[in-house]
1. Which of the trypsin sites (Lys or Arg not before Pro) across region 137-238 are loop residues per DSSP, with 12 or fewer other Cβ within 10 Å?
2. Using 0.36 nm times the number of residues separating Ala165 and His183, minus their current alpha carbon distance, what extension gain do you get?
3. Which percent of Cα-Cα pairs in region 128-196 sits in each 5 Å bin, short to long?
4. Size of the dipole of the chain about the Cα centre, Lys and Arg at +1 and Asp and Glu at -1 on the beta carbon, nothing else charged, in debye to 20?
5. State the percent of C-alpha pairs, over all pairs in the chain, separated by a distance greater than 32 angstrom.
6. In the neighborhood of Arg35, defined by Cβ-to-Cβ distances under 15 Å, what is the net charge if each Lys or Arg adds +1 and each Asp or Glu adds -1?
7. How long are the semi-axes of the equivalent ellipsoid of region 133-251, taking √(5λ) for every eigenvalue λ of the Cα gyration tensor, in whole Å from largest down?
8. Taking 7 Å along the Cα-to-C-beta vector as the label spot, tell me the Arg24-Gln210 distance in nanometres, rounded to one decimal.
Amino acid sequence: MPGSPTYPDTGWAPTIGRSIRLFREFLGEQSDPVRFYDVLARDSVGLVAEHIDVDGARTLDVGGGPGHFHAAFTAAGAAYHCLDIDHAELAASSSIPSSRSVVGDGRRLPFADDAFDLVFSSNALEHVAEPWRMADEMVRVARPGGIVFLAYTAWYGLWGGHETAPWHYLGGEWARARYRRRHGREPKNRYGESLFRVTVADGLRWAREQQEADVVAAIPRYHPRWAYWVVRVPGVREVVTWNLALTLRKR
C-alpha cells in the first residue's frame, strides 16, 4: 500500500500490539466511549492515510454522529464535514462548526457528484436499512481519484448484535426480546429498526460488483497485517473479521 501516515501522533502500523490496544480500549466502549472513540479516530486517520494525503483533504464523515472523528481528522489537516440522520447526535458535539455538520440520510446524500476527496464512514453501515445504497452514494460524492473508506461491524462477529451480543447468534429478534425482558427497555440498537444483518460477504460482493471505483483494500479492520488473510476464507471470515474495512479509489 503506497504512502505513509500523515498523522504521526497515531504511530499507526498494523501490528499485533496495535490490535491488542484497540481490543483493550473496546472493552471500555460502554463505560468510557469518549476515550475509546478518541483512540479509534486516531487509528482511523493513520489507516486512511495509507491511501490519501489527509492534510487538506475535503472529508465527509457519513454517520459521524456526535463527531468522535472530528478532532483527529482536523488535527491531520482535513477539512472535515459530518453528516448524520439524527439531529440529536450531531447536536451532541459542539466542536463541529454548524456550517460543516449536516442532518441528512446516507442513502440520499445532499451533496453534488465528485464533491469530496475522502468519503469516510465508521460503524454506521450496519444501522442503515439499505446499506449498499448508502455505499453507492458515498462513491458518487467522491471525486475521481478520491478515496472511499467504509468500515462496519459484521453481523456474525462476536459484537454483531452490539449490546444484544452474543445472543444475536440465536436471531436478531430473539436477542432484542431477551434484552427487553432483562433490562425493561429496548436496546439502543434495535434489530430491524436501527440495526441490520450485514455480512462480510455482502460487503465484498458490493465492492466487486460496483462499477465506479477500484478496490484498494478489503481487510479486517482491527487485525494485524499478518491476519488479513481471514477475509479470503468464506465462513471463517464472517466470525473472525469482526469489522470489515473497505477502501476504494474512484475512477
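None of the figures in this text is laboratory data; all of them are computed from the coordinates on show. Quantities reported herein were computed from a predicted structural model and do not represent experimental measurements. In this analysis, Cβ positions are derived from the backbone assuming ideal geometry, glycine residues included, and neighbour counts consider all displayed protein chains.
1. Answer in residue order: Arg185, Lys188.
2. Additional length available on full extension: 5.1 nm.
3. With a bin width of 5 Å, the distribution comes to 3, 17, 22, 18, 12, 11, 8, 5, 3, 1.
4. In debye, rounded to 20, the chain gives about 720.
5. Considering the chain, 15 percent of its Cα-Cα pairs are separated by more than 32 Å.
6. Neighbourhood net charge equals -2.
7. Equivalent ellipsoid of region 133-251: 29, 17, 10 Å, largest first.
8. With each label point 7 Å from Cα toward Cβ, the separation is 3.5 nm.
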